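**Student:** Below are the structure tokens for one structure; questions will follow.
The values are calculated or read from the model by the stated rules, or taken from the named source; none is laboratory data. Values in this document were obtained by computation on a predicted structure and should not be read as measured data. No Cβ is skipped: glycine too gets one built from the backbone with ideal geometry, and neighbour counts run over all protein chains shown. When the accessible area is computed, the model is the full protein with side chains, heavy atoms only, and any ligands, DNA or RNA have been set aside. Shrake-Rupley method; radii C 1.70, N 1.55, O 1.52, S 1.80 Å.
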Amino acid sequence: STLGFPKGRVVNPRSMEIFSQWGVADRIHAQGVEIEPATFGFLGETLLASEFRRIEFAEPLSTPMSPQEWVLCPQERVERALREAAEEADADVRFGHRFVSFTSENDSVVAHIVDARGEPIELRCDYLVAADGSRGAIGPSLGIGFEGPGVVGESISILVDAPLRERIADRV
């Protein structure tokens, strides 16, 4: 499925450039919300502390080298917009599948997949795109390595559903 838990919130200009090339930038903008409040955070002893300090994040709101702007659109909405656009273009969208390996055959690629029931399947395609992330199997199987500092930090996401809107109305 697409993500059902709030995660990434900001789409950077480079990603928006790609979404524009794909014809889905307007969908992402339509799913987004006003970015200005998201450029600030609040620092206090607790979430409901009467004394707090509003702090501005260093993220720029514009990038002079790009025609695109930062967009505040939660990842689950970005994924939904991308899935809808893919399905409207008659893409074969599948969830719960796991890529295992691939083989090259003449002018095609055969992807070896395990489906949601655990059954092996083969998909013959013209191209294989290594969009399976830094821990994916495609890049290493092609001999593509990774450079950089490696893990630069760890984080945890916690979803809280609480009726606090009225109590923190001054902290948009």
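**Student:** Could you list all residues from the stretch 125-141 that are surrounded by 10 or more Cβ atoms within 10 Å (Cβ to Cβ) and in contact with a strand residue (DSSP E or B) (Cβ under 9 Å, 6 or more places away or on another chain)?
**Tutor:** Matches in the stretch 125-141: Cys125, Leu128, Asp132, Gly136, Ala137, Ile138, Ser141.
**Student:** If you don't mind, another one. Within the stretch 1-30, can you find the residues that are polar (S, T, N, Q), in a loop (DSSP other than H, G, I, E, B) and surrounded by 12 or more Cβ atoms within 10 Å (Cβ to Cβ)?
**Tutor:** Within the stretch 1-30, Thr2, Asn12 meet the criteria.
**Student:** Still on this model: Could you list, in sequence order, all residues of the stretch 143-172 that are open to solvent by 100 Å² or more (accessible area, probe 1.4 Å), among the aliphatic types (A, V, I, L, M) and more than 19 Å from the chain's Cα centre (by Cα)?
**Tutor:** Val160, Val172
**Student:** How many residues does the stretch 11-50 hold that are hydrophobic (A, V, I, L, M, F, W, C) and farther than 26 Å from Arg167 by Cβ? Break it down into steps so the answer makes sense when it comes.
**Tutor:** Let us first name the residues in the stretch 11-50 that are hydrophobic (A, V, I, L, M, F, W, C), namely 11, 16, 18-19, 22, 24-25, 28, 30, 33, 35, 38, 40, 42-43, 47-49.
Of the ones still in play, those that are also farther than 26 Å from Arg167 by Cβ are 11, 16, 18-19, 22, 24-25, 28, 30.
The total comes to 9.
**Student:** Quick one: which strands (runs of 3 or more DSSP E) lie wholly within the stretch 60-172 and hold at least 1 residues that are of a type in the set (Ser, Thr, Tyr)?
**Tutor:** 98-105, 108-114
**Student:** I want to confirm something. Restricting to the stretch 36-51 and keeping residues that are farther than 21 Å from Val10 by Cβ and in contact (Cβ under 8 Å) with a residue 60 or more places away in the chain, which single residue is farthest from the chain's Cα centre (by Cα)?
**Tutor:** Once the filter is applied, the top-ranked residue is Leu48.
**Student:** Shifting gears a bit: Out of all the residues in the stretch 56-66, is one or more open to solvent by less than 90 Å² (accessible area, probe 1.4 Å) and at pLDDT 90 or above?
**Tutor:** Scanning the stretch 56-66 turns up no residue that is open to solvent by less than 90 Å² (accessible area, probe 1.4 Å) and at pLDDT 90 or above.
**Student:** Considering only the stretch 91-102, I want to know if a residue exists there that is in contact with a Leu (Cβ under 7 Å, 6 or more places away or on another chain) and either open to solvent by 40 Å² or more (accessible area, probe 1.4 Å) or closer than 20 Å to Gln31 by Cβ (or both). It would help to see each step written out before you state the result.
**Tutor:** Initial filter on the stretch 91-102 (in contact with a Leu (Cβ under 7 Å, 6 or more places away or on another chain)): 102.
Retained after the next criterion (residues that are either open to solvent by 40 Å² or more (accessible area, probe 1.4 Å) or closer than 20 Å to Gln31 by Cβ (or both)): 102.
Yes, the stretch 91-102 contains a residue that is in contact with a Leu (Cβ under 7 Å, 6 or more places away or on another chain) and either open to solvent by 40 Å² or more (accessible area, probe 1.4 Å) or closer than 20 Å to Gln31 by Cβ (or both).
**Student:** Shifting gears a bit: Hey, among Val109, Val33, which residue is open to solvent by less than 40 Å² (accessible area, probe 1.4 Å), more than 13 Å from the chain's Cα centre (by Cα) and of a type in the set (Val, Ile, Thr)?
**Tutor:** Matching residue, one of Val109, Val33: Val109.
**Student:** Do you know which residues across the stretch 105-119 are within 17 Å of Ala130 (Cβ to Cβ) and among the acidic types (Asp, Glu)?
**Tutor:** Listed by number, the list is empty, since nothing qualifies.
**Student:** Among (1) open to solvent by 50 Å² or more (accessible area, probe 1.4 Å); (2) within 22 Å of the chain's Cα centre (by Cα), where does Ala81 come up short?
**Tutor:** All conditions pass for Ala81, except number (1).
**Student:** With the requirement that a residue be farther than 30 Å from Ala91 by Cα and of a type in the set (Gly, Ala, Ser), what does the stretch 110-167 give you?
**Tutor:** Of everything in the stretch 110-167, those that are farther than 30 Å from Ala91 by Cα and of a type in the set (Gly, Ala, Ser) turn out to be Gly148, Gly150, Gly153, Ser155, Ser157, Ala162.
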